[in-house]
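The values are calculated or read from the model by the stated rules, or taken from the named source; none is laboratory data. Nothing here was measured: the structure is a model prediction, and the numbers come from that model. With ideal geometry, Cβ positions are generated from the backbone for all residues, glycine too; neighbour counts draw on all protein chains shown. To get the accessible areas, we keep the full protein, side chains included, count just its heavy atoms, and leave off ligands, DNA and RNA. Shrake-Rupley method; radii C 1.70, N 1.55, O 1.52, S 1.80 Å.
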Amino acid sequence: MSKIKKWILGVVGVLLIGISVGFQSNFFEIAKQIDIYTTMFKELNMLYIDEVNPAKLNQKAMNHMLQSLDPYTVFFDEQGIEDARIAATGEYGGIGTLVDFKNNSLVVKELLKDSPAEGAGIKPGDKILKIDAISVKDFDEKGAATLLNGLPNTTVNLVLERQNKTFEVTVTRKKIDISPVPYFTMLNNEVGYISFVKFNESASAEVKKAFLELKDQGMKKLIIDVRSNPGGLLNEAVKITNFFIPKDKIVVTTKGKIEKFNETFKTQQEPLDLEIPISILINNRSASASEILAGSLQDYDRAVIVGERSFGKGLVQQYRELSYGTQMKLTISKYYTPSGRCIQELDYTNRDDNGNIPKFSDKGREKYKTAVGRTVYGGGGILPDITLQKPETTKTTEILLNSEAFFNYVTNYFYENKTIEDPSKFNLSLNQYENLRNYLAKNHHNFETETETEFKKANEKALTENLHSNLSAVYKQVLETIQSEKLKELDKNKEEIIDKLTEEIVKRYYFVEGVYQQKAKFDPVISKAVNLLNSPEYQKILKN
């Protein structure tokens, strides 16, 4: 054997030994940590002074561990698996309500159109106190909410509270289908519009159905609205992209640590339409599959993207079966659009000791080329071809829009106004913002910023340490100043708050369908897209 062959064999041997040692080392470390955890858990269970719930304690430990990786890697118990199935399919047996657990009761946040709950007279804002003979306060949020679901054609008896009055209803459950396309219409003689809220198992079929119906009505140009669409099933994004690009084109590629899980997703069918001009609407809450749809059509110069930079979720998850009927959904790869760009924004791997997560876009965004040579950018979401500027949403506004005060204001409006105009005619003025602001000034306790919460904690601490004798007047003055500044901070986002208020009010009377019916008439982003499709600027953008 020649010296060269001996040298090559020697190098290969060293590499194989190194790899083997590396695997053994990893497996030993895993076994070691599991053994430490098991022995610690046994000692806790046997010797801790109070009784411990092994399942609850272990689930908290697992959840905390997985949350330290990224928000998408999660453990599912048996009920969690069912919730994930509902999210994927959009189907379940229930009464058709979205609920939130607050103050030992389930608050009805939203009703689905034509649902059993609507038929039984249930309204958003109602508090569910009992489900059959079971008191809601004895359960946590997840446990209480699941009691509402069950087999179709079975009944459930509910005790509810509405505006301080208690009443009972009996509701017959049925199969609930959550449509991913709540509304579609012709905006004028040529431009069709499809609102699209989730990539579940029926997404591509519903989008196709809407598209073909609009074509029958004379549609020559199309707007697809995926603003605030959080994504969902990747294969549905591929199918919908396929409607507008040729067969056998790459839509998305996934790459991860384990090569056998790497995949390239190509279009499998003949397209519906290769010529129709398309505009995709996105915002900072358009994520995952929404970004695949927008990014792939942008890369093929097949659509003009309008709106705000998207969320930037370029991570792919896979479900893995675990023991005792449980599952884990874990991040296994990143996805890449046809031009080769990954649009992941947050770098979870390199978060600092304080939990701060850096952004890939902070290091600069790499340039890529579309099919005709236009420049697009990786990292940090999909950048629209036409970016519509708006004031940055303040932290205070975010808190308001998710607050009990905002929800209660809409509930009060609903009971003070038995009817409103048709969604295509309903549009709130800025005067309504002042009414909301006045309401918030009297209900600060239902709308607290982090500053208020921490300041109140500091005052309580001062009371326990007997440092409050001269602080009472100062505390009240400073708290009032903080609350005044809080309201001023909202003024920076007047239009956004009015838009959200309009949505929530319309939803009370006309459901999600009505929200998009109203937007089709008054939304300035939709108007911009219509004007774009009707102007030479559309082709100019796509031809670079």
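General remarks:
- Among the residues of segment 119-173, those that are charged (D, E, K, R), open to solvent by 30 Å² or more (accessible area, probe 1.4 Å), within 31 Å of the chain's Cα centre (by Cα) and over 20 Å from GLU82 (Cα atoms) comprise LYS123, LYS127, LYS130, LYS137, ASP138, GLU161, ARG162.
- Any hit, segment 418-435, residues being closer than 30 Å to ALA294 by Cα, open to solvent by 50 Å² or more (accessible area, probe 1.4 Å) and not charged (D, E, K, R): yes
- ARG227 among the charged types (D, E, K, R) and at pLDDT below 95: no
- Residues satisfying the stated conditions in segment 369-391, i.e. touching a residue at least 40 places away in the same chain (Cβ under 8 Å) and open to solvent by 50 Å² or more (accessible area, probe 1.4 Å): ALA371, VAL372, LEU383, THR387, LYS390, PRO391
- Failed item, numbered, when SER535 is tested on (1) surrounded by fewer than 16 Cβ atoms within 10 Å (Cβ to Cβ); (2) over 28 Å from PRO391 (Cα atoms): (2)
- Test: residue in segment 352-363 that is acidic (Asp, Glu), in a loop (DSSP other than H, G, I, E, B) and under 23 Å from the mean Cα position of the chain (by Cα): no
- The residue that is farthest from VAL306 (Cα to Cα), counting only those in segment 369-390 that are among the small types (Gly, Ala, Ser) and touching a helix residue (DSSP H, G or I) at 6+ places or on another chain (Cβ under 6 Å), is GLY379.
- Hey, LEU214 without any contact (Cβ under 8 Å) to a residue 40 or more places away in the chain, open to solvent by 30 Å² or more (accessible area, probe 1.4 Å), over 16 Å from PRO180 (Cα atoms) and out of contact with any Lys or Arg (no Cβ under 6 Å at 6 or more places or on another chain) or not: no
- Entirely in segment 145-240, the strands (runs of 3 or more DSSP E) that have 1 or more residues that are touching an Asp or Glu at 6+ places or on another chain (Cβ under 6 Å) and farther than 19 Å from GLN269 by Cβ: 155-162, 174-177, 183-186, 191-195, 221-225
- Entirely in segment 428-544, the helices (runs of 4 or more DSSP H) that have 3 or more residues that are closer than 20 Å to ASN402 by Cα and in contact (Cβ under 8 Å) with a residue 60 or more places away in the chain: 431-441, 472-490, 494-522
- Verdict on ALA237 being more than 20 Å from the chain's Cα centre (by Cα) and of a type outside the set (Ser, Thr, Tyr): no
- Selection within segment 319-364 - open to solvent by less than 50 Å² (accessible area, probe 1.4 Å) and either of a type in the set (S, T, N, Q) or over 27 Å from LYS260 (Cβ atoms) (or both): THR326, GLN327, THR331, SER333, THR337, SER339, GLN344, GLU345, GLY355, PRO358, SER361, GLY364
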